[in-house]
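Q: This is the structure, below, for whatever I ask next.
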Amino acid sequence: MRFGLIREARADLFELGEFFERQRLDSAGRFGKEFYELMKRLILLPQAFARVSRSPPRREIRVGFTAKFPAVIVYEVTTEEIVVLSITHPHQHRVPWRKRLGS
């Protein structure tokens, strides 16, 4: 199993990292490291987090969280990979992953 980020999720990752960096020096690097540690754990146990309610039929969409930083990671589990659809702060009122399923 491997993981990947769609283009928009990669932009989310950098945007959220910059947000954390503005809050506290060196936070972007620590957030990036925590995100990649989470991805390594998900490769071993993709079903570690709950499925998203009302996700599209026959799609395994799940939502995970980082431990030290407030970040919500929405990802899809396929037979071969974990695809990250969005990475957002929990206080954001946007749900971009639904529009990104075709990416």
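Q: Could you list, in sequence order, all residues of region 18-57 that are surrounded by 13 or more Cβ atoms within 10 Å (Cβ to Cβ) and of a type in the set (F, W, Y)?
A: F19, F20, F31, F35, F49
Q: Cβ-Cβ distance below 6 Å, separation of 6 or more or different chains: which pairs start in region 11-29 with a residue that is in a helix (DSSP H, G or I) and end on one that is of a type in the set (S, T, Y) and surrounded by 16 or more Cβ atoms within 10 Å (Cβ to Cβ)?
A: D12/S86; F20/S27; E21/S27
No lab work stands behind these numbers, since they all come straight from the coordinates. Here the structure is a predicted model, which is why all the values come from computation and not from measurement. Note: ideal-geometry Cβ built from the backbone for every residue, glycine included; neighbour counts use all protein chains shown.
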